[in-house]
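The values are calculated or read from the model by the stated rules, or taken from the named source; none is laboratory data. Worth saying up front: this structure is predicted, and the values here are computed from it rather than measured. Cβ: placed from backbone, ideal geometry, glycine included. Neighbour counts: every protein chain shown.
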Amino acid sequence: MVWNRPFSTIFLRVRSPLLVVQRILPHFFLPTDFPLRCGATHAQLIRGAQEASGGKAVGRFFHLYPRRRLRLVPWLARWIRKGAVPVATMNMQVAVPDGEEVPDAWHHQLIFGVAPRAVFMTNPLDVVGEVEVHQRLCSQSVLLVRREDVLQRLTTDGSLSDLSQIQSDPRWRLLDVEGEAAIFLPQLTPTSDPPCLIQVFCYPGQVRQMRLEEELEDGPRTAHVSIPAAYSSGVTLFALTGSDVAQQLLKAPELPLL
């Protein structure tokens, strides 16, 4: 597929927001689209491809969560043979090999080919097992934030009760982000405040020292806080506008639920 546009133009058109590292809680999790600061969603990829190609490219996203009645490799092979270009939106925090650190983000990877029980991908160039890819493509819209990233942003006036109040997305309450984050903190609650307000009256260095002492005493603690993600796991298929495969993509039904 050739769009006659320089790569830099395509990159800029995606308009992936830059990661803004907030220094304090709860503003570290702001705004509501916090995960968007770390990358682009499939909708942004589709818009970027359309703009960069001058309307010559069209994309269609297929949700793979909740789990679908699908054999991944044969399904991808059929669309690739027709001329479509698949881009996977995967939760890289799922199916992490033993001994490896949990990544800090979701990821988009272009799929340029498949083989029995294997998927060939770029960004980076890799061959990944079908089962592993399918697991990452079938994930809830959740992002894991490292415990250390939370602890480093504690302040003397930080209140976790704001986490649920300032977020309009009800998933923040359903995931109990405030409760998860509170587990990380030294339980120093002033008697003048309501029990739900957990505040920290020490410097970050003291917090880290207390954390180490707690782990020595009680063992390792939970490593991450789960927050709602703007991403959806699945596959975006791109094709030339007006082509037969583009028409098939736009008319294709959603994949049936398992």
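See the values below:
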quantity	calculated
Single match in GLY48, GLY59 (criterion: over 19 Å from VAL119 (Cα atoms), without any contact (Cβ under 8 Å) to a residue 40 or more places away in the chain and surrounded by 19 or more Cβ atoms within 10 Å (Cβ to Cβ))	GLY48
Any chance ARG117 is of a type in the set (D, E, K, R), on the phi > 0 side of the Ramachandran plot, loosely packed, with under 15 Cβ neighbours inside 10 Å and in the same structural domain as LEU240 (by TED's automatic domain parsing)	yes
Hits in segment 235-258 (condition: in a loop (DSSP other than H, G, I, E, B) and of a type in the set (Ser, Thr, Tyr))	THR241, SER243
VAL225, sole failed condition from (1) within 18 Å of GLN152 (Cα to Cα); (2) at pLDDT 95 or above	(2)
Pick from segment 110-124, criterion outside any strand (DSSP E or B) and in contact (Cβ under 8 Å) with a residue 24 or more places away in the chain, ranking: farthest from ARG81 (Cα to Cα)	ARG117
Tally of residues being in contact with a Leu (Cβ under 7 Å, 6 or more places away or on another chain) and more than 8 Å from SER233 (Cβ to Cβ) across segment 124-141	3
Per-region count, segment 125-167, residues at pLDDT below 90 and not in a strand (DSSP E or B)	21
Top-ranked residue of segment 62-79 - restricted to ones that are buried (at least 19 other Cβ atoms within 10 Å of the Cβ) and in a strand (DSSP E or B), ranked as nearest to the chain's Cα centre (by Cα)	PHE62
Subset tally (residues that are modelled with pLDDT of 90 or more, closer than 14 Å to SER232 by Cα and either in contact with a helix residue (DSSP H, G or I) (Cβ under 8 Å, 6 or more places away or on another chain) or part of a loop (DSSP other than H, G, I, E, B) (or both)) for segment 80-109	10
